[in-house]
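Quick notes on the structure that follows.
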Amino acid sequence: MPQKKKPVVVVTRRLPDVIETRMMELFDARLNTDDHPMSQNELIEAVRTADVLVPTVTDRVDSAVLAQAGDNLRLIASFGTGVDHIDLKTARQRGITVTNTPGVLTEDTADMTLALILATSRRLVEGERLVRAGDWGGWSPTHMLGHRLWGKRLGIVGMGRIGQAVARRARGFGLSVHYHNRRTVAEEIEDELEATYWDSLDQMLARMDIVSINCPHTPATFHLLNARRLKLLQPHCTIVNTSRGEVIDENAMTRMLERGELAGAGLDVFENEPAVSPKLLKLDNVVLLPHMGSATIEGRIAMGEKVIINCKTFVDGHTPPDRVLETMF
Ligand code: 8YV
């Protein structure tokens, strides 16, 4: 009997070894061995040849790329939860199924959110820089004072899985949890988290000590924190973003940080990654990370496993478990 041809799966970036090995066993996997971010031309070449594309956040799978897709391209199994790098509408119109990897990076991203809340409020990175530079003159009662978390108000923008995981951790630090979301979360979750829902984002922003961005980037959330809304924040407020840079007007936020109109910012994501504004780099009151919210070995393997399950289920002729529909966003 002739062997059935394995589907061509183009993987745009290096994935954990164990995942790549399994992918090569199951599929005709084409790997990006040197892990360079793919150019638009390379992506076009990929969608022309692939049955399945496995992109990451660094690939813009937009309408220009999808317009070049061959008839064989039936599935885009993204390695990640956010799907703002994929044109979902064009994919649907071309009959291409899209999947993502929700759930398995929730706890890691929530950990990173708390790490940034602590780092900004207690000036961890500033202190570390000072010690390394050999500039520490010794303990003093008024040196390196930050802000206590206990008793403060945390406003979470976007109360999905990650927002809820942030809220759970925040309770442990004595923060009171407030949130804005398109709709309230289930009553039992609100009760468990002792979370207060704010129908008005504006009103919530004006009352918070810390604001954490945990909503996806969609057309509706692009610059959700625009110049007008940022001005509602109190000058002692800190912003933390582990979601997508595009949710905040970065220029407007940077201007406010420069003028002391905001206390600080902890940013894991930026509007034009990997470019970071030189103005932000000059500021002491910001902590800047290279989009590492989900960067744990366990998380990346779990994400890869989800990609494999989505691919395998799909090529076996079934609906993949993590199918993404435009209506979800
Ligand atoms: C991922 C992320 O690492 O899943 C997401 O949406 O932002 C990241 O944590 C990245 O997207 C990988 O493609």
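The values are calculated or read from the model by the stated rules, or taken from the named source; none is laboratory data. This structure is a prediction, so every number in the text was calculated from the model and none was measured. With ideal geometry, Cβ positions are generated from the backbone for all residues, glycine too; neighbour counts draw on all protein chains shown. Each accessible area value is taken on the protein alone, full model and side chains, heavy atoms only, with ligands, DNA and RNA left out. Shrake-Rupley method; radii C 1.70, N 1.55, O 1.52, S 1.80 Å.
The angle between the Cα long axis of helix 106-121 and the longest principal axis of the Cα atoms of the chain comes to about 30 degrees, rounded to the nearest 10.
Taking the Cα atoms only, what angle lies between the long axis of helix 40-49 and the longest principal axis of the chain, rounded to 10 degrees? In the chain, helix 40-49 runs at an angle near 40 degrees to the longest axis. Amide H contacts of THR196 (H built 1.01 Å from N, in plane; Pro and chain starts excluded): VAL177, HIS178, TYR179 sit under 5 Å, all sequence-distant by 5 or more or on other chains. Using Cα centres only, tell me the gap between region 57-100 and region 183-229 in whole Å. Cα centroid of region 57-100 versus Cα centroid of region 183-229: 29 Å apart.
Across region 248-260, coupling constants 3J(HN,Hα) worked out from phi with the 6.51/-1.76/1.60 Karplus curve, θ = phi - 60°, read 10, 6, 5, 5, 5, 5, 4, 4, 5, 5, 4, 8, x Hz, and Gly and Pro carry x. For the chain, relative contact order (Cα pairs under 8 Å, six or more residues apart, normalised by length) works out to 17 percent.
Over the chain, what percent of the accessible surface lies on carbon and sulfur atoms, probe 1.4 Å? Ligands and nucleic acids excluded, carbon and sulfur give 53 percent.
Distance between the modelled labels on ILE297 and LYS231, one decimal in nanometres: 5.0 nm (7 Å Cα→Cβ projection). Distance between the C-alpha centres of region 274-303 and region 1-51: 27 Å, rounded to the whole angstrom.
As a rough guide to protection, the peptides 6-13, 224-231, 111-118 ranked by mean Cβ packing within 10 Å, highest first, stand as 111-118, 6-13, 224-231. For region 178-261, which chymotrypsin sites (Phe, Trp or Tyr not before Pro) are in a loop by DSSP, counting at most 16 other Cβ atoms within 10 Å? Filter output for region 178-261: PHE222. Using the Karplus relation 6.51 cos²θ - 1.76 cosθ + 1.60 with θ = phi - 60°, the per-residue 3J(HN,Hα) values for region 6-11 come to 6, x, 7, 10, 9, 9 Hz, with x marking Gly and Pro. In this structure the amide hydrogen of THR99, modeled in the peptide plane, comes within under 5 Å of the amide hydrogens of ILE76, ALA77, SER78, VAL324, none closer than 5 places in sequence on its chain. Peptides 277-285, 58-66 ranked from most to least packed, by the mean per-residue count of other Cβ atoms within 10 Å: 58-66, 277-285. For LYS6, the aspartates and glutamates whose Cα comes closer than 12 Å to its Cα, not counting residues fewer than 8 places off in the same chain, are GLU25, ASP28, ASP51, ASP316. Bridges between two residues of the chain, per DSSP, are antiparallel at a rate of about 5%.
Here the chain is treated with +1 on each Lys and Arg Cβ and -1 on each Asp and Glu Cβ, and its dipole about the Cα centre works out to around 300 debye. With respect to the chain, whose longest principal axis is taken over its alpha-carbon atoms, helix 161-172 is tilted by about 30°. Here the Karplus relation 6.51 cos²θ - 1.76 cosθ + 1.60, evaluated at θ = phi - 60°, turns the backbone of region 313-329 into coupling constants of 4, 5, 5, 7, x, 10, 6, x, x, 10, 5, 9, 10, 3, 5, 6, 10 Hz, with x for every Gly and Pro.
Let a ≥ b ≥ c be the square roots of the eigenvalues of the Cα gyration tensor of region 53-202; is it rounded (a/c under 1.5), or, if not, prolate (a/b larger than b/c) or oblate?
oblate
Among the chymotrypsin sites (Phe, Trp or Tyr not before Pro) in region 83-155, those located in a DSSP loop and surrounded by at most 11 other Cβ atoms within 10 Å of their own Cβ are TRP139, TRP150.
Rounded, prolate or oblate: pick one for region 1-109, where a ≥ b ≥ c are the square roots of the eigenvalues of its C-alpha gyration tensor, a/c under 1.5 means rounded, and failing that, prolate if a/b is larger than b/c, else oblate. In terms of gyration-tensor shape, rounded.
Report the FRET efficiency, 1/(1 + (r/R0)^6), for MET144 and ASP17, where r is their Cβ-Cβ distance and R0 is 35 Å, rounded to 0.05.
Details: r = 42 Å, r/R0 = 1.20.
The pair MET144/ASP17 has a calculated efficiency of 0.25.
Please give the contour-minus-distance gain from THR49 to GLU326: 0.36 nm per residue of separation, less the Cα-Cα distance, rounded to one decimal in nm. Show your work: numbers first, answer last.
Values: separation 277, 0.36 × 277 = 99.72 nm, distance 2.52 nm.
Extending this stretch completely gives an extra 97.2 nm.
List the pairs from LYS5/LYS306; LYS231/LYS282; LYS152/LYS306; LYS282/LYS306 whose alpha-carbon separation is above 29 Å, in the order I gave them. Where the Cα-Cα span goes over 29 Å, the pairs concerned are LYS152/LYS306; LYS282/LYS306.
Taking amide H as placed 1.01 Å from N in the peptide plane, the amide H of ARG30 sits under 5 Å from that of VAL9, VAL10, VAL11, each at least 5 places away or on another chain.
Per residue, how much accessible area does the chain show when a 1.4 Å probe rolls over the protein heavy atoms, in square angstrom? Could the numbers behind the result be given before it?
Values: 16380 Å² over 329 residues.
It amounts to 50 Å² per residue over the chain.
Put a plus charge on the Cβ of each Lys and Arg, a minus charge on the Cβ of each Asp and Glu, and nothing anywhere else: the dipole of region 106-288 about its Cα centre is then about 500 debye.
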